1. Lysines near A:K391 by alpha-carbon distance under 25 Å, same-chain residues fewer than 8 away left out - which ones?
2. Could you tally the net charge around B:S59, taking each other residue with its Cβ under 11 Å from the Cβ of B:S59, Lys/Arg +1 and Asp/Glu -1?
3. When the chain is fully extended, how far beyond the present Cα-Cα distance does A:D458 get from A:E219, taking 0.36 nm per residue of separation?
4. When DSSP beta bridges are limited to those with both residues in segment B:2-70, what percentage is antiparallel, rounded to the nearest 5?
5. Please compute the net charge surrounding A:E311, taking Lys and Arg as +1 and Asp and Glu as -1 over other residues with Cβ under 12 Å from its Cβ.
6. Bin by bin, in steps of 5 Å, what percent of the Cα pairs in segment A:296-388 do you find, going until the bin that has the longest distance?
7. Rounded to whole Å and ordered largest first, report the semi-axes of the equivalent ellipsoid of segment A:97-173 derived from its Cα gyration tensor (root of 5λ).
8. Could you give me D for segment A:3-202, from Stokes-Einstein at 4 °C and 1.567 mPa s, where the hydrodynamic radius is the Kirkwood radius over C-alpha pairs? Units µm² s⁻¹, please.
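Nothing in this text is a laboratory measurement; each read-out follows from the coordinates by a stated rule. Every value quoted in this text rests on a predicted model; they were computed, and no experiment measured them. Using ideal geometry, Cβ is built from the backbone for each residue, glycine included, and neighbour counts are taken over all protein chains shown.
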Amino acid sequence: MRKILRVDVGSGTASFEDLPPDLVPYGGRALTSTLIAREVDPQADALGPDNKIVFASGLLAGTTAPNSSRISVGTKSPLTGGIKEANSGGQASGRLGRLGIAAIVVQGDPRGKKWVLHVSKDGARLDDGAPYWGKGNYDTADALREAYGPKVATIQVGPAGEYGMRNSSVATTDPEGRPARHAGRGGVGAVMGARGLKAIVVDDAGTQRPEIADPERFEKARKTLVEGLKTHPVTSQGLTNFGTAILVNIINEAGAFPTHNFHQGRFDRAEAISGETVHQNCEDRGGRRSHGCMTSCVVHCSNVYNDEAGEYITSGLEYETIWALGANCDNSDIDAIARMDRLCDDIGLDTIEMGDTFGVAMEGGLLPWGDAGRMIELFEEIRANTELGQKIGNGCGHAGKVFGVTHVPSVKNQGMPAYDPRGIKGIGVTYATSTMGADHTSGYAVATNVLGVGGSVDPLKAEGQCSLSQNLQEATAGFFDSTGLCLFLAFAGLDQPASLASIPEMISAMYGIESSVADVVALGSKVLEVERGFNRAAGLTEDDDRLPEFFGNEPLPPHNTVWDVPAEQLDQVCSWSPVIELG
Amino acid sequence: MIDVRMFATLPMRSATGRKEFQLEPRAGLTVRDVIEGEGLAKGEVHIIMINGQHGTLDSELSDGDRVGLFPPVGGG
């Protein structure tokens with residue numbers, strides 16, 4: 001029986017309780033969003049004492065299922081003002097699965113106290129977190145391993161989260177113990193920091209894999225999925241060889257690679273920051289490509305990136321980061337981008353939001369376009385919590401106000417990822433209508449618009465994008481975000497019905513229930529409904545499901561298209577239904 | 001001239017190893033001709049972009065076109 005671990009940072013207590021019966025088949029985002037909707041007043045101040053933060057493992061966490069260790073971090077977002085689920089790879093979720101923990105709910109007013117939560121087979125307790133407060137994520141991870149043992153996985157916040165910055169992430173450690181995997185979006189780190197919680201230490205020593213009701217059935221489904229992943233060219237070759245940055249060239253070629261703060265759709269120096277270049281540098285400098293961010297991974301899209309002298313800079317140098325701190329800022333220095341990725345990981349900043357912020361700040365004249373040296377210096381302003389650091393540590397929307405810039409690429413105050421919605425309109429629908437704000441993962445229409453996966457819908461036309469996005473949003477919430485499975489399994493799942501069906505089959509086998517593809521989609525739909533209900537009660541309306549004005553007015557070169565998906569169609573995606581009864 | 005770019009694994013798998021080259025335009029020249037000219041096996045090319053828009057093996061190319069050829073790719 002999976003448990004909820006409830007932690008009160010006011011009283012300094014941690015206790016286990018049973019999952020409510022109706023939440024037994026819930027994991028990941030389904031669990032975080034349902035618990036937040038039931039337990040947090042939508043009107044609460046996101047950084048005040050009434051907000052809570054939930055860390056949920058996936059339904060298949062700790063099992064032998066491939067790529068099954070995504071962790072979901074849910075809360076009311078201080079960035080968007082709505083509900084938030086940000087998820088990340090790393091080791092923590094698999095360990096929580098072995099400990100039988102479905103979710104950790106952190107609540108209460110710490111009244112200045114700083115904590116570290118320690119979880120093991122012997123129970124859970126809050127320890128003094130003061131010795132770690134103020135440290136960067138890399139030093140924190142090292143110090144926690146020294147104190148608690150070399151094999152623990154950790155979940156932690158960096159200085160940005162401690163300061164309550166609205167761009168702040170929650171870090172998790174990878175198989176080598178590096179805090180390089182982040183639940184980045186929506187300022188979740190600030191909520192953890194506001195609870196006075198520096199870190200969660202997860203020690204799974206002496207535990208077993210979770211119990212499976214029907215091991216034979218589980219193994220059969222697991223093998224089907226692994227076979228699918230190992231034969232699909234995207235999950236077995238493209239991502240494995242080149243990482244996610246393989247997208248640089250194709251999105252650039254498609255004319256939808258946001259450049260110079262979303263003024264252009266192509267970057268003339270894209271080759272210098274491409275997946276091919278990253279791949280070559282990893283090979284030449286003794287780094288690694290085909291690295292897994294969790295031990296259960298079979299795709300291996302991650303990498304280890306070294307400098308020219310062969311010294312480690314960062315791990316998981318990804319497409320979104322390379323775009324955000326590269327093309328969006330007119331910067332083609334890939335080594336400088338890697339250093340900034342490390343700084344984001346260490347200070348605890350979302351790389352997408354940071355790149356959008358720099359783009360806006362460059363437009364506002366704070367620093368010259370493409371000045372990577374100055375960008376690197378400015379990270380230290382954030383780390384030191386200076387006034388300048390605060391101006392650029394609270395997201396691109398905040399920077400737009402500070403620097404008098406209206407050309408701000410955000411939805412619900414969350415910065416846009418690496419696809420211009422005028423060039424890939426399906427992802428524009430997801431940006432507009434996702435409960436999360438501008439988010440690419442919640443309905444990755446790029447797959448169908450550009451990559452030829454899951455069919456084909458013309459990226460430059462408005463037609464067909466709303467139904468594409470809605471279907472993907474429901475499927476993503478159900479199959480991936482709520483199971484704790486990596487979204488990249490969707491590349492196989494969209495093309496291979498057997499791979500997709502193996503997911504409910506594994507859930508059925510594990511829990512002794514009967515779950516089908518349709519049930520999982522229905523769960524995804526229900527999760528979105530709960531989230532929309534929360535957002536509505538928090539004060540978000542149809543007007544928040546719109547892209548910024550300039551996308552409709554300024555044609556994007558090279559295709560010179562504008563954003564033209566009608567508002568009434570967007571409202572059908574979200575089906576702004578009356579507030580539903582929560583809990 | 002026609003600009004051709006080969007991405008990711010394609011240059012490693014072609015007979016010429018070329019990443020970027022130009023072709024003289026000629027009547028009836030198709031994407032299929034370009035791929036065969038590089039000695040790429042059938043099915044290696046998954047995505048064809050012509051001037052930033054999806055093309056097919058049978059798309060005819062004309063002077064000034066920019067062609068991008070990709071194996072299966074994904075990410076995000």
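1. A:K76, A:K84, A:K135, A:K198, A:K401, A:K412
2. Numbers: positive: B:R32; negative: B:D33, B:D58, B:E60, B:D65.
Result for the local shell: -3.
3. Working: separation 239, 0.36 × 239 = 86.04 nm, distance 3.89 nm.
Separation in residues times 0.36 nm, less the Cα-Cα distance, equals 82.1 nm.
4. Values: 11 of 15 bridges.
Of those bridges, close to 75 percent are antiparallel.
5. On the way: positive: A:R285, A:R339, A:R342; negative: A:D307, A:E308, A:D335.
Net local charge, A:E311 excluded: 0.
6. Over segment A:296-388, the share of Cα pairs per 5 Å bin runs 3, 14, 25, 25, 18, 9, 4, 2, 1, 0 percent.
7. On the way: eigenvalues 81, 50, 34 Å².
The equivalent ellipsoid of segment A:97-173 has semi-axes of 20, 16, 13 Å.
8. Values: Rh = 16.1 Å.
The diffusion coefficient I find is 81 µm²/s.
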